[in-house]
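Take a look at the structure below.
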Amino acid sequence: MHNIIEAGMEHLQVLCEIDQEIIGDQSRSQEIQQAIKEKRCLLYQSSNAVAGFLLFNNDFFGHSFISLVIVKPSERRKGVATSLMRAYLEVAKTPKVFSSTNQSNTSMQQVFQALGFIKSGFIDNLDEGDPEIIYVKIASPQE
């Protein structure tokens, strides 16, 4: 049993712990806290534990942008990222939803492809030697 809910401040510590497990530090704690305050954070709850979360904003050149998808290592390859992104796509404020991942992150690229995102460009010089690939999902008229 799982569900996707809007994160509240009571979830801040566990989300920061999951993020720290992935990146090795607490550098995004303020960003996560701000997203929760602004109601821009969804989380995936599985068996009374948080398995992952997604941050978004609506100011990417006037479009929705999924800025971060984090899945706890023990919960990977179980559809958590896909479920979070599907849930967000249902409530996105704009018909185009952008996101990005490093060229080296082939798992996330597969998630984008499975959800119908298409490559929309590249950004060099963010992470040395690992370009960022920009993706877009354009809602069809019936969506």
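The values are calculated or read from the model by the stated rules, or taken from the named source; none is laboratory data. This structure is a prediction, so every number in the text was calculated from the model and none was measured. Because the Cβ atoms are built from the backbone with ideal geometry, glycine has one as well, and the counts that use them run over all protein chains shown. These accessible areas exclude ligands, DNA and RNA; they are computed on the full protein's heavy atoms, side chains included. Shrake-Rupley method; radii C 1.70, N 1.55, O 1.52, S 1.80 Å.
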(request) Would you check if there is a residue in region 19-28 being at pLDDT below 95, under 28 Å from Ser120 (Cβ atoms), surrounded by fewer than 21 Cβ atoms within 10 Å (Cβ to Cβ) and among the hydrophobic types (A, V, I, L, M, F, W, C)? (result) yes
(message) Could you check region 1-13 and list, in sequence order, the residues that are part of a helix (DSSP H, G or I) and open to solvent by 50 Å² or more (accessible area, probe 1.4 Å)?
(response) Met9, Glu10, Gln13
(message) Quick check on Glu75: is it more than 20 Å from Gln113 (Cβ to Cβ) and exposed (fewer than 14 other Cβ atoms within 10 Å of the Cβ)?
(response) no
(message) So for region 91-112 (the condition being under 18 Å from Cys16 (Cα atoms) and not aliphatic (A, V, I, L, M)), does at least one residue qualify?
(response) no
(request) Return yes or no: is Val80 closer than 19 Å to Val91 by Cβ, in contact (Cβ under 8 Å) with a residue 12 or more places away in the chain and open to solvent by less than 80 Å² (accessible area, probe 1.4 Å)? (result) yes
(request) Confirm whether Leu54 is under 9 Å from the mean Cα position of the chain (by Cα), touching a residue at least 60 places away in the same chain (Cβ under 8 Å) and under 16 Å from Leu115 (Cβ atoms). (result) no
(request) Sort out which residues of region 124-139 are among the aliphatic types (A, V, I, L, M) and open to solvent by less than 80 Å² (accessible area, probe 1.4 Å), and write them in order of number. (result) Ile133, Ile134, Val136, Ala139
(message) Based on this model, can you work out whether Glu31 counts as farther than 22 Å from Phe117 by Cβ and either open to solvent by 70 Å² or more (accessible area, probe 1.4 Å) or of a type in the set (Lys, Arg) (or both)?
(response) yes
(request) Specify the residue that is nearest to Ile133 (Cα to Cα); the eligible residues are those in region 97-123 that are open to solvent by 60 Å² or more (accessible area, probe 1.4 Å) and among the hydroxyl-bearing types (Ser, Thr, Tyr). (result) Ser120
